[in-house]
Amino acid sequence: MHMVSRSTSDYERARLAGVECCVEPAFWSGTDKQHAASFFDYFEQIIEFETDRAERAAGIDHYVTVGLEPKEANYPEMAEAVMDGLPEYLDREHVVGLGEIGLDQGTEAEEYAFRRQLRMAEERELPVIIHTPHTQKPEGTERLVEMIQDEDVTEERIVIDHNTENTVDISLQTDCWLGFTLYPGKIDAETTIDILEEYGTDRMLLNSAADWDPSDPLAVPKARDKMLDRGWDRDEVRKVVCDNPREFFGQSPNFHYEL
């Protein structure tokens, strides 16, 4: 969830809905940043202030991933400075991985930044969140898989996010985890549950893109309830919304959430 864009009451509502822990990935802030230092200020905000706010407002364990997302990789000079400064943030408390990284328009600059950050995470044995593009998603997902395999990084520490019914088969060619972002214009809960019924729950994660546009920080608990209403076994539901994300992020030495 991108909680930096949400009100304190959203944290309170999330906790009432059963959310005890969340991971906030660094993402595009609504306008392209103009300076590398803007990224570092933003990283500080989500690492320190948001972690404190989540605990203070609702007793939620808040973790962060940091990275240069693909849209702003297209400013090469700024992107290089951001990636040069990224390692020190990856070592910070509360940072449990690198992301989101991936493709937006599929440019050479995006591919360069993606590969460099993949290697950065591999060196540190950190989880990675990958953003699949909004347009030409199957082709973009195929290209991401090609680069992951070309870089020979540990696929079990990667989640390919924003999957749809058109990308599941591509993502499943890897040993990566699969994320489904419950968000208008990406995928809805009913379609995601249909996919889980067809493909099973191994390496499957649900998440919400709770940003400034119409979105819902409670998308995951609502999907949980829809799964139960459709007759899913409670242990299987728990696996998707709790056990799988704990196992994935538990690969980070900084992730300490316990039930």
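The values are calculated or read from the model by the stated rules, or taken from the named source; none is laboratory data. What you are looking at is a predicted structure, and each value in this text was computed from that prediction instead of being measured. Methodologically, a virtual Cβ is constructed for each residue, glycine included, from the backbone with ideal geometry; neighbour enumeration extends over all protein chains shown. Accessible surface is based on the protein model in full, side chains and every heavy atom, while ligands, DNA and RNA are left aside. Shrake-Rupley method; radii C 1.70, N 1.55, O 1.52, S 1.80 Å.
Treating only the Cα positions of the chain as identical point scatterers, give the base-10 log of I(q)/I(0) from the Debye formula at each q in 0.07, 0.09, 0.10 Å⁻¹. The Debye formula, applied to the Cα set alone, gives -0.21, -0.35, -0.44.
Note on region 25-156: Rg/Rh from C-alpha atoms, Kirkwood Rh, equals 0.97. DSSP finds beta bridges in the chain, and of those with both partners inside it, around 5 percent are antiparallel. The figure for residue 112 is an accessible area of roughly 100 square angstrom, using a 1.4 Å probe on the protein chains alone.
Over the residues of the chain, the helix contribution to mean residue ellipticity at 222 nm works out to -12500 deg cm²/dmol, using -39500 (n - 2.57) for each DSSP H run of at least 4. Taking a span of 20 Å or more along the helix axis (Cα atoms) and a mean Kyte-Doolittle hydropathy of at least -0.5 as the rule, the DSSP H helices of the chain that qualify are 76-90. Considering only alpha-carbon pairs that sit under 8 angstrom and 6 or more positions apart, the relative contact order computed for the chain is 17 percent.
The convex hull of the Cα atoms of region 108-259, projected and averaged over all directions, covers 9.4 nm². For the chain, with all protein chains in place and a probe radius of 1.4 Å, 44% of the accessible heavy-atom surface sits on carbon or sulfur.
Taking Lys and Arg as +1 and Asp and Glu as -1, the other residues whose beta-carbon sits under 9 Å from that of residue 62 total -4.
Put 238, 6, 246 in order of accessible area, highest first, and with a 1.4 Å probe you get 238, 246, 6.
May I ask for the net charge around residue 177, where only other residues with Cβ less than 13 Å from the Cβ of residue 177 are counted and Lys, Arg are +1 while Asp, Glu are -1? That works out to -3. Sum up the lysine pairs in the chain that clear both bars: alpha-carbon distance under 21 Å and a spacing of 8 or more or different chains. The result is 8. Expressed as a whole percent, the proportion of Cα-Cα pairs in region 196-259 lying more than 19 Å apart is 40%.
Annotation: per residue accessible area for the chain equals 44 Å², rounded to a whole number [probe 1.4 Å, protein chains only]. Computed with every protein chain present, the accessible area of residue 256 is close to 120 Å² [probe 1.4 Å].
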